[in-house]
Amino acid sequence: MDIVLQWLEHHHVVTGLRAALLFFTGLLVAHLLARLTIRLSKNLTPHHQVLLKRLVYWLVLSLFLASVLKELGFSLGVLLGAAGVLTVAIGFASQTSASNLISGLFLIGEKPFQLGDVIKVGETTGEVLSIDLLSVKLRTFDNLFVRIPNESLIKSQMTNLTRFPIRRFDLQLGVAYKESIKQVRELLMTVADANPLCLDEPSPLFVFNGFGDSSLNIQFSVWTKRENFRDLRNSLQEEVKNAFDAAGIEIPFPHRSLYAGSETAPFPITIVPAKADKADKAGDDADISP
């Protein structure tokens, strides 16, 4: 027992125990303050709540880590100087990361999208999972995880598909030249009125785009809530096809005619009767028989 007491009274042991106690206390305090920050920042967006939570957590933990190092006998001035030199060296070695960091600050300030929004960057479309200082994480509709560097988002075109509460679906179709445009317009409006996902305001839009190679080109645009966009796109096209079939309106497909010119004679075609063909075949068999 005396040996244990003497060991505990040793200077290095006591210092180590106090440093460990400070470290675990810092973890606990940082965790509690981060949770408290989320509760007190309900007026902020989820994106800003997450960023503020991380900032509070690492700031508090850094203060406790500095106290732990001081308790262990490290000179904070020397550590800060070494950290400055290391930061400069890392900055020269990682210019891409620095560019992503600056781009991340621009994204945070500009706020082109938030957590939960669906965005399209190039050929990638997905839901925003997190917005960090170096990259943005997406989950695609086929459940793939995609990491996009912030610099790429700043330099390329980005489309936010869920920024506004309603979206417009543009249905491109063509009808035969013999059809009445007035009848087609009335039929499309009837289909839109019967579809519960189509909004009355803004009202559906009928646009005659002109005369195509084999059809009258039409654009029919309807509005819907953003969460119903996919269902509307599927249901409206099926309903338009069924309505056109019921009304006898033709949806043409491209035709191609081959013309060889007047100088080229037509290919000669001879139709051989089936009986004559069989007789000839029988004669050939007789000629080759022994």
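The values are calculated or read from the model by the stated rules, or taken from the named source; none is laboratory data. All figures in this text were calculated on a predicted structure; none of them were measured in a lab. Counting neighbours? That spans all protein chains shown, and the Cβs are built from the backbone with ideal geometry, glycine included. Remember, those area values only see protein heavy atoms, side chains included, never the ligands or the DNA or RNA. Shrake-Rupley method; radii C 1.70, N 1.55, O 1.52, S 1.80 Å.
What the table shows:
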read-out	value
Options 83, 66; residue that is at pLDDT below 70 and within 42 Å of the chain's Cα centre (by Cα)	83
Residue match in region 188-204 (condition: closer than 24 Å to residue 229 by Cβ, open to solvent by 50 Å² or more (accessible area, probe 1.4 Å), outside any loop (DSSP other than H, G, I, E, B) and in contact with a strand residue (DSSP E or B) (Cβ under 6 Å, 6 or more places away or on another chain))	no
Residues that are surrounded by 13 or more Cβ atoms within 10 Å (Cβ to Cβ) and over 24 Å from the mean Cα position of the chain (by Cα), drawn from region 228-240	239, 240
Qualifying positions in region 103-134 - without any contact (Cβ under 8 Å) to a residue 40 or more places away in the chain and either in contact with a Gly (Cβ under 8 Å, 6 or more places away or on another chain) or not in a strand (DSSP E or B) (or both)	105, 109, 110, 122, 123, 127, 128, 132, 133, 134
Residue 155 more than 30 Å from residue 107 (Cα to Cα) and loosely packed, with under 13 Cβ neighbours inside 10 Å	no
Contacts under 7 angstrom Cβ, first residue in region 149-161 being assigned to a helix (DSSP H, G or I), partner open to solvent by less than 50 Å² (accessible area, probe 1.4 Å) and of a type in the set (Val, Ile, Thr), 6 or more apart	150/136; 153/121; 153/136
Per-region count, region 205-242, residues within 14 Å of residue 173 (Cβ to Cβ) and part of a helix (DSSP H, G or I)	8
Residue 144, sole failed condition from (1) within 12 Å of the chain's Cα centre (by Cα); (2) without any contact (Cβ under 8 Å) to a residue 12 or more places away in the chain	(2)
